[in-house]
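The values are calculated or read from the model by the stated rules, or taken from the named source; none is laboratory data. Worth saying up front: this structure is predicted, and the values here are computed from it rather than measured. Note that each Cβ is placed from the backbone with ideal geometry, even for glycine, and that neighbours are counted across all protein chains shown.
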Amino acid sequence: MSALIEFQDVCKTYEMGDTIVRAADHISMKINQGEFVAIVGQSGSGKSTCMNIIGCLDVPTSGNYLLDGRDVGKMNKNELAEIRNEKLGFIFQQYNLLAKLTLIENVEVPLMYAGVSRNERRERAKTVLEMVGLGGKTAHKPNQLSGGQQQRVSIARALVGEPAVILADEPTGALDSHTGREVLALLQKLHDAGNTVVLITHDNSIAVQAQRIIRLEDGRVVYDGDAHAPEAVVSPGAAGMRSAV
Amino acid sequence: MKLIESFQLALKNILGSKMRTLLTMLGIVIGITAVIVIVGIGNGMKNYMEAQFAELGTNTLTVSIRGRGSSRSVSVDQMYQLVEDNPQLLDEVSPTVSMSGTVKIGTDTSDSTSVTGVSEEYFDMRGYTISQGRGLQYVDVSARKRVCVIGTYLAQTYYDGNPVGQSIKIGQDKFTIVGVMTAQADDPEEGGTDDCIYLPYTTAARLSQTGTISSYLFTVTDEDQAADAKTLVENTLYKVFDDDSVYNVTSMAEMLDTMTQMINVVITVLAVIAAISLVVGGIGIMNIMLVSVTERTREIGIRKALGAKERYIMQQFVIEAATTSALGGIMGIVFGYVLCGVATVIIGQLSSESITVSPSMNSIILAVGVSAAIGIVFGYLPAKKAARLNPIDALRYD
């Protein structure tokens with residue numbers, strides 16, 4: 001079985017004035033269909049770069065990134081937009097809902113860019129909103145909802161296009177621990193239903209909700225394996241530092 | 001993503017901030033209003049001129065000959081022959097002889113009365129009709145009779161409306177009034193078109209002692225071929241005189257054309273000046289769109305992350321700009337129409353002439369087209385900026 005997401009020796013460098021920053025330094029990894037993976041790292045570890053590349057918002061400086069067998073690095077902007085629309089569902093820390101649109105319109109946006117007809121859009125958006133428990137609030141505006149509810153709308157929006165990968169960037173970062181847990185439970189449910197979920201976080205306690213952890217440090221993979229192994233939550237650079245499991 | 005959806009999105013955004021949209025549109029509204037009113041005034045002027053010329057007859061050619069000594073001249077018969085030979089261009093001709101004698105009715109004198117010697121066809125050519133008595137006849141002309149037809153003004157002022165059979169003196173010569181022309185103006189006045197005397201041109205030529213007749217009035221068969229008819233007359237005269245500076249042929253239709261052209265030029269210049277405010281309005285739209293792109297950077301980032309291609313973002317902003325501009329155009333048309341109505345009333349009250357200020361359909365279609373085009377042109381740059389935004393930076397923007 002070929003991997004859904006495959007990094008082959010991926011590098012990403014930025015020029016910051018005179019210095020060259022290596023945000024991704026020869027990263028190689030594979031994520032298979034149906035996995036629930038957490039990419040963990042402190043700020044500056046390269047996890048945002050990693051997420052941008054997985055999310056097809058950015059392309060590697062060198063190396064290959066294959067998404068569902070297709071080489072993303074060689075795509076132009078239009079093809080990147082298409083593949084984002086088709087293959088990826090984004091969940092952001094700040095929810096990133098469009099404030100002027102109602103919830104159902106927000107959820108419809110990806111389908112609109114996919115060229116789905118108005119009626120089908122409405123149907124599908126309604127179904128996913130019901131699934132996340134907001135079926136009764138389709139005509140509300142985002143600012144009428146709590147943070148947790150907004151995040152559920154953004155999950156609905158990520159799901160509506162039936163993407164190959166659900167990419168969650170610090171999905172609980174702006175939520176209190178209780179609603180955070182609810183959101184994580186929802187992600188878990190999606191995984192159980194067969195979706196591939198990639199969770200990006202700096203927080204070990206969140207990361208251990210996943211099956212597998214990929215730990216990044218200074219743009220390199222320092223751990224890749226079972227989320228429940230003790231090494232998974234230990235930063236090798238700071239030996240002995242453990243976070244509560 | 002369909003165009004109609006971009007349009008709906010644009011309307012939603014435009015209606016979401018009404019005050020801003022209104023202020024943004026103002027430049028376009030003023031520009032379109034100004035263009036429509038100016039074009040409307042121009043149309044009114046043209047229609048007024050056309051009506052005035054139509055009264056004089058746009059189917060006429062006026063020929064005046066200064067002549068070259070006595071060796072070369074054209075005779076009345078030659079002119080009649082010319083009309084007979086060219087029925088497809090020329091319809092009728094009448095010599096016209098202006099006289100300068102003082103007009104005396106009993107003991108009263110009238111200085112303002114125009115006295116002209118014409119042929120019996122003249123009235124028909126001009127479209128004049130006789131209200132009392134008879135017109136001039138062939139026999140009056142051939143026998144050089146001392147008879148005349150007078151205008152309504154003279155008939156009413158000096159003869160209590162009953163002049164036929166009475167006499168009138170021009171210079172030292174006494175004429176018998178045989179007919180009265182139907183009034184041309186609503187209110188016959190001194191020096192106007194109804195203050196006139198027409199007598200046979202043969203009589204007039206003899207009395208004024210002009211040996212040769214030097215002016216003629218032709219009517220053309222077809223108004224559209226007035227220019228050809230004019231050329232024909234000119235060529236004939238050139239053959240006689242071999243010099244094009246000693247005669248002058250004026251076509252009323254041509255004069256009307258010239259006047260119309262002049263008005264058009266003036267209107268175009270004024271409209272272009274008014275259109276400058278359209279450019280200013282366009283820049284206003286561009287400015288607001290640029291602000292809007294900055295404000296909506298995050299939205300653009302989100303849309304791009306969710307799969308919007310550059311051209312969709314572009315389309316969204318261009319359509320928004322074009323819609324704003326076109327809405328301004330429509331408001332401008334409404335205001336333009338209202339102002340045209342107001343201008344018609346004001347002109348009617350300020351002067352005795354009534355000019356109907358009416359914008360043409362063309363100018364309206366043009367106005368909407370231009371305003372939408374301005375939106376597209378000035379919306380392009382901001383839209384391009386929006387479309388080019390890097391989604392990663394745009395998502396991080398707050």
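The residue that is nearest to A:Leu167 (Cα to Cα), among those in segment B:300-315 that are surrounded by fewer than 24 Cβ atoms within 10 Å (Cβ to Cβ) and facing chain A (nearest Cβ under 7 Å), is B:Lys309. Screening the candidates B:Val338, B:Val334, B:Val318 for the property of being in contact with a helix residue (DSSP H, G or I) (Cβ under 8 Å, 6 or more places away or on another chain), away from every other protein chain (no Cβ under 14 Å) and among the aliphatic types (A, V, I, L, M) yields one hit, B:Val318.
The set of residues in segment B:169-210 that are in contact with a Gly (Cβ under 9 Å, 6 or more places away or on another chain) and among the β-branched types (Val, Ile, Thr) comprises B:Ile170, B:Thr176, B:Ile177, B:Val178, B:Val180, B:Thr193, B:Ile197, B:Thr202, B:Thr203. Just one of (1) more than 14 Å from chain B (Cβ to nearest Cβ); (2) within 22 Å of A:Gln33 (Cβ to Cβ); (3) at pLDDT 90 or above fails for A:Gly73. It is (3).
Would you call A:Leu57 touching a Pro at 6+ places or on another chain (Cβ under 7 Å) and either farther than 26 Å from A:Ala227 by Cβ or at the interface with another protein chain (Cβ under 10 Å from one of its Cβ atoms) (or both)? When the stated conditions are applied, A:Leu57 passes them. Return a yes/no flag: does segment B:366-382 have any residue that is closer than 30 Å to A:Pro60 by Cα and within 14 Å of chain A (Cβ to nearest Cβ). Scanning segment B:366-382 turns up no residue that is closer than 30 Å to A:Pro60 by Cα and within 14 Å of chain A (Cβ to nearest Cβ).
Show me the strands (runs of 3 or more DSSP E) entirely contained within segment B:98-159 in which 2 or more residues are surrounded by 13 or more Cβ atoms within 10 Å (Cβ to Cβ). Of the strands (runs of 3 or more DSSP E) lying wholly inside segment B:98-159, those with at least 2 residues that are surrounded by 13 or more Cβ atoms within 10 Å (Cβ to Cβ) span B:103-105, B:114-118, B:130-133, B:147-150. Of all residues in segment B:235-290, those satisfying the criterion of being acidic (Asp, Glu) and more than 17 Å from B:Leu61 (Cβ to Cβ) are B:Asp242, B:Asp243. Could you identify the single residue in A:Ala210, A:Ala238 that is modelled with pLDDT of 90 or more, part of a loop (DSSP other than H, G, I, E, B) and either in contact with a Pro (Cβ under 6 Å, 6 or more places away or on another chain) or over 24 Å from A:Lys126 (Cα atoms) (or both)? Exactly one residue qualifies, and that residue is A:Ala210. If you go through segment A:76-85 and keep only what is surrounded by fewer than 20 Cβ atoms within 10 Å (Cβ to Cβ), within 9 Å of chain B (Cβ to nearest Cβ) and polar (S, T, N, Q), you end up with just A:Asn78. Can you find a residue in segment A:128-149 that is among the β-branched types (Val, Ile, Thr) and either modelled with pLDDT under 90 or assigned to a loop (DSSP other than H, G, I, E, B) (or both)? Yes, the conditions are met somewhere in segment A:128-149.
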